[in-house]
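Please read the structure below before turning to the comments.
Values in this text are rule-based calculations from the coordinates and carry no lab data. Just so it is clear, the model here is predicted, and its values are computed rather than measured. We place every Cβ from the backbone using ideal geometry, glycine too, and count neighbours over all the protein chains shown.
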Amino acid sequence: MERQLRPDAEVLPASNLNAPEVVWSQILKLGINVLIVGLWLWLYWPLFDYFSVIFSREDFRTNQLVLVGVIVLIALQLRRKHLRLRLDGRPQLYLPALSLVLAGSILYLVSERFLDVNTLSASLFGLASYGLLGLWLPPHRWRQGFPAALLLVGALPFGEHMQTFIGYPLRIFTATLVRDGLAAAGVTSVGVDTILVFENGISQVDLPCSGVKSLWTGLLFLLAATWLERRPLNLRWLLLAFGFAILLIIANLVRVGVLVAVGPVAGWPLLAEMLHVPLGVLGFVAACAGVVWLLRLSPAKEEIGDWRLKIEVEPISTLRVQSHRLNQPAWLSPALITVILAMGLAYTPRPSTGLSQPPPTWQFPTDLITTPMPLKPDEIAWLTRDGAESAERRRFEWRGLTGSMILITSSTWRAHHRPERCFEVYGLSLEDSRTHLVKPNFPVRFVSLGDGNHTGLLSATYWFQSAGRTSDDYGARIWADLAPQRERWVLVSILFDSVTEPDEAQVETFYLALRETVARYLEGESR
């Protein structure tokens with residue numbers, strides 16, 4: 001008689017189940033595996049401060065909700081499939097998983113030494129950790145769960161980085177197409193700058209189904225659907241993902257086109273603001289429905305295990321187990337311990353090179369009164385680590401306006417940031433963030449802040465300025481570093497002591513005076 005067991009079943013000889021040597025062997029294996037996991041966490045320990053930030057602070061609430069949703073989804077799937085992880089056995093020599101362990105860890109060391117990009121290092125940690133898990137999982141289960149591992153990695157703030165790195169060129173591309181479409185329809189009075197300012201002005205601060213962030217949210221949706229529908233990750237899937245991204249971009253293009261046609265063209269800005277969220281949601285849902293339909297056209301994975309156990313019952317009632325398991329060499333555990341320990345000892349963070357110059361001597365107007373304000377130790381550490389040339393914070397008084405400002409000079413985008421993050425770290429809530437044109441070539445970012453209970457408690461403004469350009473877009477600042485010859489930029493961030501409006505004459509005069517001060521310094525440095 002022949003009987004098939006589940007691929008992940010474990011069969012032990014009945015006579016050995018209670019043998020003391022088996023018990024001690026299992027305890028020893030468990031201890032070795034715990035040591036491997038402990039060394040693994042020690043290797044990646046520098047990332048845990050970053051994890052504590054993104055999964056606890058309020059400004060990463062979207063990522064936290066995504067993480068909770070992914071964990072619940074994984075828990076439900078594990079319960080349904082009755083999958084248990086046995087850590088009292090030797091690791092198996094499964095080359096795909098082992099390759100992911102080694103390649104991910106080596107890239108992590110390189111990233112920490114030369115790049116120091118937290119999201120990249122955290123992604124490598126997630127992928128390499130799933131590779132480590134594959135040394136104890138049945139190979140077919142490990143392959144089936146790979147989309148779930150990508151979902152966990154995707155809970156990192158990729159949407160924010162996509163907004164930063166590809167948001168600027170994508171917004172320019174979208175605005176250009178909308179302008180050309182309106183021109184073809186006979187409307188020639190709307191330019192690219194008008195479209196950008198209008199769309200930024202009515203956009204939600206953190207709406208993941210609208211604009212660039214829809215690419216991140218859509219990718220997470222596609223990975224979840226791929227896992228639940230048991231579809232393989234292959235070339236066909238990559239083509240489907242590319243087509244899905246095109247659908248999302250088209251949906252956003254239609255959304256912006258409708259908003260501009262209703263707002264600047266027809267003169268109904270309030271209606272455009274009301275349509276902003278519904279259009280984003282409808283476009284996102286339509287694209288997701290289309291990709292699920294396409295996904296179901298591809299064949300599902302076959303439930304074929306890599307571990308096949310066959311039991312034959314003989315007349316003398318002895319069991320003979322024929323196992324086609326992967327090799328579990330005795331040398332693999334010591335080798336893992338040695339390699340992980342060596343990588344942990346080789347870990348070297350990127351050296352700090354910032355704040356190497358004294359603050360510039362700013363030539364402020366005579367009626368702009370300023371006094372120095374010392375930076376906090378953690379601010380100095382951050383600016384030093386990210387390569388800021390100089391940084392200075394000052395209290396100011398200008399014709400009845402009071403507040404504080406910080407001027408950060410750097411030739412690398414790494415030393416600059418979105419000041420909204422700093423305001424939230426100080427306990428202020430972000431109520432609004434929009435572009436304001438002081439002059440046609442002078443856009444600033446105007447920010448309304450609250451204390452969590454009252455809106456409009458404070459106002460802030462910032463911009464990025466080089467010798468030949470001014471922008472309120474952090475993405476534009478980053479893309480400027482791709483030029484063959486990098487320019488020196490100054491981040492100007494202003495926090496007023498009270499509520500102000502950006503179009504007040506006195507406030508705009510202050511912006512212009514401060515921009516002229518920075519321009520004189522940059523022009524002098526470029527000579």
Reduced to Cα centres, the span from segment 255-282 to segment 485-512 in Å works out to 29 Å
How big, in percent, is the set of alpha carbon pairs in segment 160-295 lying more than 20 Å apart?
47 percent
Using a cut-off of 13 Å between beta-carbons, work out the net charge of the residues near Tyr130 (Lys and Arg +1, Asp and Glu -1, Tyr130 not included).
+2
Degrees, to the nearest 10: 61-81 long Cα axis against longest axis of the chain:
10 degrees
Along each principal axis, Cα extent of segment 86-245, largest first, Å
71, 39, 25
Which angle between 0 and 90 degrees, to the nearest 10, do you get for helix 269-295 versus the longest principal axis of the chain when only C-alpha atoms count?
20 degrees
If you rank Tyr130, Tyr521, Tyr50 by fewest surrounding Cβ atoms within 10 Å, what's the result?
Tyr50, Tyr521, Tyr130
Expected-Rg normalisation [2.2 N^0.38 Å, Cα atoms] applied to segment 368-526
1.00
Mind listing the phi-derived Karplus ³J(HN,Hα) values for segment 218-228, rounded to whole Hz, using 6.51, -1.76 and 1.60 with θ = phi - 60°, and x for any glycine or proline?
x, 5, 4, 4, 5, 5, 5, 5, 4, 5, 5
Under 5 Å from the placed amide H of Ser390, counting only residues 5+ away or on other chains, we find Leu355, Thr409
Just to confirm the filter: which chymotrypsin sites (Phe, Trp or Tyr not before Pro) across segment 393-448 are DSSP coil and have at most 11 other Cβ within 10 angstrom of their Cβ?
Tyr426
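Please identify the longest segment of the chain free of exposed GluC sites (Glu not before Pro), where exposed means a DSSP state other than H, G, I, E or B and no more than 10 other Cβ atoms within 10 Å.
1-301
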Scaled radius of gyration (Cα, divided by 2.2 N^0.38 Å) that segment 317-455 gives
1.89
Within the under-10-Å Cβ sphere about Leu115, not counting Leu115, Lys/Arg +1 and Asp/Glu -1 give a net charge of +1
What Rg and what Dmax come out for the chain when only alpha-carbon atoms are used, in angstroms?
28.6, 105
Which loop trypsin sites (Lys or Arg not before Pro) in segment 435-524, with loop taken from DSSP, have no more than 16 other Cβ atoms within 10 angstrom of their Cβ?
Arg469, Arg486, Arg488
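Report the per residue volume, in Å³, of the convex hull enclosing the C-alpha atoms of segment 442-527.
In segment 442-527, the Cα hull volume divided by residue count equals 94 Å³.
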Each residue of segment 119-133 in turn: what ³J(HN,Hα) in whole Hz from Karplus with 6.51, -1.76, 1.60 and θ = phi - 60°, glycine and Pro shown as x?
5, 5, 4, 5, 5, 5, 4, x, 5, 5, 5, 5, x, 4, 4
